[in-house]
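What follows is a short report on a single structure.
Values in this text are rule-based calculations from the coordinates and carry no lab data. Everything numeric here is computed off the predicted structure, so don't read it as measured data. Please note: Cβ atoms are built from the backbone with ideal geometry, for glycine as well, and neighbour counts cover all protein chains shown.
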Amino acid sequence: MKAAIGQETVSEWITVSQEMIDKFADATGDHQFIHIDQEKAKLTPFGTTIAHGFLTLSLLPQMAMKNADAPRLDGVKMGVNYGGNKVRFLAPVPSGSRVRGRSKITEFEEKRPGQYQYTTETTVEIEGSEKPAMIAEWITQVFV
């Protein structure tokens, strides 16, 4: 993992469907019209419904799993989200668009025997858009 610090990897594309957005709205209670009402959303500058920013953030683990080139530790029993240092939502993710994560490990350390912590910087790209949806610096702990 230390040898992989700074090396960029890219995940597979993930489609952010309206069904995914609706389920996220139900799970979080955030039913703002811009996310779930396609008719009202047509009247906004976005022209369509958009994903919640926190939905985009919640895709980070899925992007990590769909990143075959990402470095991995052997013998991991479990991994947990530890938190974030920085998250910025830069552009909306329109319903039906595809996103992927462009990631690199920026830090890796052993916290105690069998427990490691690493920080990953991920830029979430929207297919066909020059501006990314999000940039996040996220911390994960793994136990072996």
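Report, ordered by chain and residue number, the aspartates and glutamates lying within cross-link reach of Lys66, taken as a straight Cα distance under 17 Å and ignoring same-chain residues fewer than 8 apart. Within reach: Glu8, Glu12, Glu121, Glu125, Glu127. Within straight-line reach of Lys40, meaning a Cα separation under 22 Å, sit the following lysines at least 8 residues removed in sequence or on another chain: Lys23.
To the nearest 20 Debye, how big is the dipole of the stretch 53-137 about its Cα centre, given +1 on the beta carbon of each Lys and Arg and -1 on that of each Asp and Glu? Write down the numbers at each step before the final one.
Numbers: 12 positive and 10 negative charges, 36 e Å.
Approximately 180 debye in magnitude.
Per residue, the Cα convex hull of the stretch 58-99 amounts to 119 Å³. What does the charge add up to near Asp26, with Lys and Arg as +1, Asp and Glu as -1, over the other residues with Cβ less than 15 Å from its Cβ? Charge balance in the 15 Å sphere: -3.
Computed from the Cβ-Cβ distance with R0 of 22 Å, the FRET efficiency linking Glu109 to Lys131 stands at 0.10. Here, the chain is characterised by an Rg to Rh ratio of 1.03, where Rg is the alpha-carbon radius of gyration and Rh the Kirkwood radius. A dipole drawn for the chain from +1 and -1 charges on Cβ atoms has a positive end, and of Trp13, Gly75, Phe33 the residue lying farthest that way is Gly75.
Quick one: putting +1 on the C-beta of Lys and Arg, -1 on the C-beta of Asp and Glu, what dipole do you get for the chain around its Cα centre, in Debye to the nearest 20? Please report the intermediate quantities before stating the final value.
Details: 16 positive and 18 negative charges, 51 e Å.
For this selection, approximately 240 debye.
Measuring r between the beta carbons of Lys42 and Ser17 and using R0 = 25 Å, the FRET efficiency lands at 0.90. Loop-located trypsin sites (Lys or Arg not before Pro) in the stretch 1-55 (DSSP state other than H, G, I, E, B) with a sparse environment of at most 16 neighbouring Cβ atoms within 10 Å: Lys42. By the count of other C-beta atoms within 10 Å, a proxy for reagent exposure, His31, His52 are ordered fewest to most as His31, His52. Note on Thr15, Thr9: ascending count of other Cβ atoms within 10 Å places them as Thr15, Thr9, the fewest first. Take the Cα of Ile34, go 7 Å toward its beta carbon, and the backbone nitrogen atoms of the stretch 116-136 under 17 Å from that spot belong to 132-135. Each residue in Val10, Val144 was given a count of other beta-carbon atoms within 10 angstrom of its own, and listing them fewest first yields Val144, Val10.
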